[in-house]
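Derivation of every value follows stated rules applied to the coordinates shown; laboratory data play no part. No experiment lies behind these values; they were computed from the predicted model shown. Please note: Cβ atoms are built from the backbone with ideal geometry, for glycine as well, and neighbour counts cover all protein chains shown.
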């Protein structure tokens, strides 16, 4: 089961605040946008040439 | 006898040393004097004057006695302070307690055996986790061409030292461009070899699957000599490839946003190659736009994993910007790391495909001139872009794919700051890339 990006982001921000690092929030939000893009690229490249990973 | 270390290449001074017309003592003295004279550049963290002079005298005697070791015998070099040199701390540019190595990294052992003399350990972006060399516990490295600007990074001290004539060769590391970026910013030459070709043993890791160790110098021939010794083969300067070559220029994603000087340098390089009879065509690397996302999801967690114990104990000793990026890496999910590693294999195959029937790729090494120290964004094409993202865009793909890449200076007339072009060769064909680069160097400067 895949962790949804928005669930991950909410948990990550909460953890960062609990650890006294609220300055991480904008970086985690940027990372969440990158993670969404990564997942979209992963989905879009199934059966792409050069894919040696078994599924 | 006077040495002019800022004006000469290893391949120029080597024969003079061999013939006794130049002494290693003069050469090392000249470099040490230059380090002292241009201390404002802040290129060095540790200087090893006493040992360097002692070794220079010993090498002078050895050469006089007819025991010349080869083209690096008596050559002063500098070492990025992320690499272990026995008897000197490996600070990594950080206030976090340094490693105190009792042995040299294997590449250092080989360079010493070839007769190279280490004049010091160079400043860097803390733990190699940045592109400007300004987040360092020892202060920022300044660009010798303009002290208000960055030397690039993370191997900024090594490139600045070369540009300012403080050494003849240097070692750097490259996880996303950290050899090629400062080489472009400072107008020097830097080689990222094929992935895993040169051992990273004795080097503080950033990303264990993307880290590369490589040489930096003031010419392709010099870089080739250092590379050969680091690899453990006989050092012979490359003969520039003289057959008709075919180059591919990956324009989309890589060349969409370049500053005028960089675009001018690229255009001039393309024209120079065509005028010399070489073929140059545009290529497209599939999935290239995914590179920053793939890179982020591999390098962040790998760096955070290595630094986790030190972050627990010495968090306040890290530079704030480096610390926060390392903290961010703790949150990358394993499933996304695996996705990134899968996409990495696709990117590797995509670069392999565009190199079929071509000798090398040609693109800039850096889309901008060296940025002003303290700048957080650069203006490219009328829109601001974070400095770090812009500086990594043209280099980080080849850390993921492992293809050998070299940055070398390229002429342009827009402004006085250096620009660098980059050549990318086939995997495990670094020597061939150096032959190609030796020919290109003569055409584009």
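Here are the numbers:
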quantity: Label-to-label distance, nm, for residues given as residue A:2 and residue B:383 (7 Å Cα→Cβ offset); calculated: 2.6 nm
quantity: Gyration tensor (alpha-carbon) shape descriptor, the stretch B:154-306, a/c threshold 1.5; calculated: oblate
quantity: Order of B:126, A:6 - criterion: other Cβ atoms within 10 Å of each residue's Cβ, fewest first; calculated: A:6, B:126
quantity: Isotropic mean projected area of the C-alpha convex hull, chain B (nm²); calculated: 19.3 nm²
quantity: Linear extension gain, residue B:289 paired with residue B:428, 0.36 nm per residue minus alpha-carbon span; calculated: 47.6 nm
quantity: Global geometry of the stretch B:290-445, whether rounded, prolate or oblate, following the gyration tensor of its Cα atoms and the 1.5 cut on a/c; calculated: oblate
quantity: Per-selection Rg to Rh, the protein assembly as shown - Cα, Kirkwood hydrodynamic radius; calculated: 0.97
quantity: Estimated FRET transfer efficiency when R0 is 56 angstrom, pair residue B:209-residue B:12 (beta carbons, to 0.05); calculated: 0.90
quantity: In nm, spacing of pseudo-spin labels at residue B:50 and residue B:199 (7 Å Cα→C-beta vector); calculated: 3.0 nm
quantity: Computed FRET value (nearest 0.05) for residue A:43 with residue B:415, which takes r as the C-beta separation and R₀ as 51 Å; calculated: 0.70
quantity: For the stretch B:292-331, the Rg and Dmax computed from alpha carbons only, in angstrom; calculated: 10.0, 30
quantity: Ranking of B:200, B:31, B:186 by count of other Cβ atoms within 10 Å, fewest first; calculated: B:200, B:31, B:186
quantity: Exposure proxy ranking, count of Cβ atoms within 10 Å, fewest first, for B:253, B:314; calculated: B:314, B:253
quantity: Convex hull volume per residue for the stretch B:247-315, taking Cα atoms only, in Å³; calculated: 141 Å³
quantity: Percent RCO, i.e. relative contact order, over chain B, from Cα pairs under 8 Å lying at least 6 residues apart; calculated: 17 percent
quantity: Shielding score for A:38-46, defined as the mean number of other chain Cβ atoms within 10 Å; calculated: 6
quantity: Paramagnetic reach from residue B:251 (point 7 Å along Cα→Cβ, amide N under 15 Å) across the stretch B:328-370; calculated: B:362-364
quantity: Rg/Rh ratio calculated on Cα atoms of the stretch B:184-247 (Kirkwood radius); calculated: 1.02
quantity: Antiparallel bridge percentage (DSSP; both residues within chain B; nearest 5); calculated: 70 percent
quantity: Helix-only mean residue ellipticity at 222 nm for chain B, each DSSP H run of n ≥ 4 adding -39500 (n - 2.57), per residue, nearest 500; calculated: -12000 deg cm²/dmol
quantity: Percent breakdown of C-alpha pair distances by 10 Å bin, ordered from the shortest bin, for chain A; calculated: 21, 40, 23, 14, 2
quantity: Computed over the stretch B:292-331: relative contact order in percent, which uses C-alpha pairs under 8 Å that are six or more apart; calculated: 61 percent
